[in-house]
Amino acid sequence: MHESKKNLAFIDGSRLITEALVRAGADTFVGYPITPANLLYLYASKRFPTMLAAPDEITTLQWMSGFAVAGHVPVTATSYPGYALMVESIGMAAMMELPMVIVLVQRLGPATGTATCGAQGDLNVVYGTMSGGYSIPTFSISNYHDCWELSAKAVHTAIELRTPVVLLTSKEMVMTLQSFDWSNLPEIQPKKVKHYKGEGTYLPYKADETLVPDFLPVSQNKHQVRITASTHDTKGILQNVLPEAIENTKRLEQKLRKHIDEYTTYELDEQQGSETLIITYDISSQASREAVVHLREKGKKVSFLVAKTLLPIPQVYVDIANRYTRVVVVEENLTGQLRHLLFGAAGRKGVSGVNGIAKMISPTEIVEEVMRYE
């Protein structure tokens with residue numbers, strides 16, 4: 001991958017994502033085809049060591065959980081209608097602490113919406129997946145390099161933290177063919193699930209200071225392995241609301257918060273003297289980058305933040321935003337989902353959004369919003 005000359009390919013993001021997932025350690029793809037995630041399904045059938053075509057999305061997550069308890073790292077790709085059917089099983093996998101990756105390709109909603117129209121409307125859905133407000137680590141792809149690097153990071157995070165991970169992207173990123181130079185893409189090192197090595201009784205949910213329990217597949221014959229989605233103690237035994245079981249449940253969120261700095265990824269371009277910050281993610285980052293160039297050419301000082309780790313919301317995003325009197329959040333949805341997650345329903349003085357549905361946001365719209373108070 002490290003060559004001095006350019007290696008150009010006419011390629012879509014789906015192919016880069018698929019290749020990166022496999023190289024990072026994912027070995028199984030289970031899927032039900034849905035637009036606009038179809039290319040991921042197609043490429044996975046040719047690239048993953050194991051690929052199963054499921055009869056529906058509920059079965060998809062159940063089969064993935066079965067592969068995960070046997071020691072595999074499964075992946076699927078879907079869009080909102082499929083993800084909605086997967087929600088209960090994603091919660092089950094999180095409670096069981098099973099590593100897996102769900103690639104969620106956003107399209108226009110609500111409901112089945114328009115399958116061939118892109119959007120950024122699913123952040124609130126992912127945020128609310130888990131009952132009780134528990135988080136699912138969520139990464140968002142903003143360019144073709146992210147297709148490679150964040151896909152690998154999603155797999156590594158799922159393995160390291162024993163958790164489902166969502167990789168959020170959009171129709172334009174996974175289906176549009178672009179000329180891309182892959183010569184500078186970094187090598188991806190595969191990870192494997194950490195296995196319990198002790199001789200004593202195996203406690204499937206007993207964690208050390210990392211808050212992540214060691215794993216054993218049900219396919220080994222040395223130790224008994226209990227896996228359950230009900231509230232359980234460190235032995236995996238259902239214990240309702242007894243203190244040990246409740247502490248074990250609280251640990252699910254605590255382990256993510258403990259390690260969030262390790263998997264927080266973002267792009268920050270701060271211009272000295274700027275009082276305005278543009279925050280964006282996913283496909284809207286393309287227009288935002290172009291808008292920043294135009295604004296600086298006009299003499300307007302502006303800083304730029306692309307959020308690539310979306311959930312749990314990293315504190316660093318809030319800290320960065322608090323350095324600026326004006327914040328413009330750019331996202332292709334009607335209500336400003338990231339803006340509300342960052343600043344709440346009450347908002348904050350100086351915060352506004354550039355929003356829209358059924359069309360990509362243009363650099364001109366962003367420039368006009370930034371210049372509106374000049």
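Residues within the reach of a label modelled at Ala229 (point 7 angstrom out along Cα to beta-carbon, backbone nitrogen below 17 Å), restricted to the stretch 74-97, are 74-76, 82-97.
Straight-line cross-link partners of Lys6 among the aspartates and glutamates, defined as a Cα under 20 Å from its Cα and at least 8 positions apart when in the same chain: Glu19, Asp146, Glu149, Asp181, Glu187.
Taking 23 Å as the straight-line reach from the Cα of Lys191, the lysines in range (excluding those fewer than 8 positions away in the same chain) are Lys46, Lys153, Lys206, Lys255, Lys258, Lys308. Phi angles across the stretch 352-367 convert, under the Karplus curve 6.51 cos²θ - 1.76 cosθ + 1.60 with θ = phi - 60°, into 3J(HN,Hα) values of 9, x, 10, 10, x, 9, 6, 7, 6, 6, 8, x, 4, 4, 5, 4 Hz, Gly and Pro given as x. Per-residue 3J(HN,Hα) values for the stretch 62-72, derived from phi via the Karplus relation 6.51 cos²θ - 1.76 cosθ + 1.60 with θ = phi - 60°, read 5, 5, 4, 5, x, 5, 5, 5, 8, x, 8 Hz in sequence order (x marks Gly and Pro). The mean sequence distance of close C-alpha pairs (under 8 Å, at least 6 residues apart), as a share of the length of the stretch 270-326, puts its relative contact order at 50 percent.
Answer with a single label: of (i) 1.09; (ii) 0.95; (iii) 0.98, which was calculated as Rg/Rh (Cα atoms, Kirkwood Rh) from the structure in view? It is the value labelled (iii). A DSSP coil position with no more than 10 other Cβ atoms inside 10 Å describes the following trypsin sites (Lys or Arg not before Pro) in the stretch 283-374: Lys349, Arg372. Per residue, the chain exposes an accessible area of 43 Å² to a 1.4 Å probe, with every protein chain left in place.
Mean residue ellipticity at 222 nm, helices only, the chain: -11500 deg cm²/dmol; runs of at least 4 DSSP H residues each add -39,500 (n - 2.57), and the sum is divided by the number of residues.
Above 12 Å, the calculated P(r) of the stretch 78-125 contains 63 percent of its Cα-Cα pairs.
Magnitude of the charge dipole for the chain, about its Cα centre and with charges confined to Cβ atoms of Lys, Arg (+1) and Asp, Glu (-1), is about 220 debye. Loop-resident chymotrypsin sites (Phe, Trp or Tyr not before Pro) (DSSP state other than H, G, I, E or B) in the stretch 313-374 with no more than 12 further Cβ atoms inside 10 Å of their Cβ: Tyr373. Fully extending the segment from Val293 to Thr50, taken as 0.36 nm per residue of separation minus the present Cα-Cα distance, adds 83.0 nm. Once the chain from Lys359 to Ser183 is taken as fully extended at 0.36 nm per residue, the excess over their C-alpha distance is 60.1 nm.
The phi-based Karplus calculation (6.51 cos²θ - 1.76 cosθ + 1.60; θ = phi - 60°) puts the 3J(HN,Hα) values of the stretch 208-219 at 8, 5, 6, 6, 10, x, 5, 10, 9, x, 5, 7 Hz, whole numbers, x for Gly and Pro. Computed about its Cα centre, the charge dipole of the stretch 41-144 is approximately 320 debye, with only Lys, Arg, Asp and Glu carrying charge at their Cβ.
The charge dipole of the stretch 242-335, taken about its Cα centre with unit charges on the Cβ of Lys, Arg, Asp and Glu (plus for the first two, minus for the last two), comes to roughly 220 debye. Over all projection directions, the Cα-based convex hull of the stretch 162-212 averages an area of 6.5 nm².
Projected label points at Thr210 and Gln315, each 7 Å from Cα along the beta carbon direction, are separated by 2.3 nanometres.
Split the accessible area of the stretch 161-294 by element, probe 1.4 Å, and carbon with sulfur accounts for 50%.
Placing Met86, Met95 in order of accessible area, with the largest value first and a 1.4 Å probe, yields Met95, Met86. At full extension, Lys6 and Thr201 could sit 64.8 nm farther apart than now, given 0.36 nm per residue minus the alpha carbon distance. Mean sequence separation of contacting Cα pairs (under 8 Å, at least six apart), scaled by the length of the chain, corresponds to a relative contact order of 17 percent.
Under the definition of Cα pairs under 8 Å and six or more residues apart, what whole-number percent is the relative contact order of the stretch 15-60? Computed over the stretch 15-60, the figure is 46 percent.
Suppose we look only past 25 Å in the calculated P(r) of the stretch 28-149. What percent of the Cα-Cα pairs does that tail hold? For the stretch 28-149, the share of Cα pairs beyond 25 Å comes to 19 percent.
The values are calculated or read from the model by the stated rules, or taken from the named source; none is laboratory data. This is a predicted model, so every value here is computed, not measured. Neighbour counts are summed over all protein chains in view; Cβ atoms, including those assigned to glycine, are modelled from backbone coordinates with ideal geometry. The area values use the complete protein model at the heavy-atom level, side chains included, leaving out ligands, DNA and RNA. Shrake-Rupley method; radii C 1.70, N 1.55, O 1.52, S 1.80 Å.
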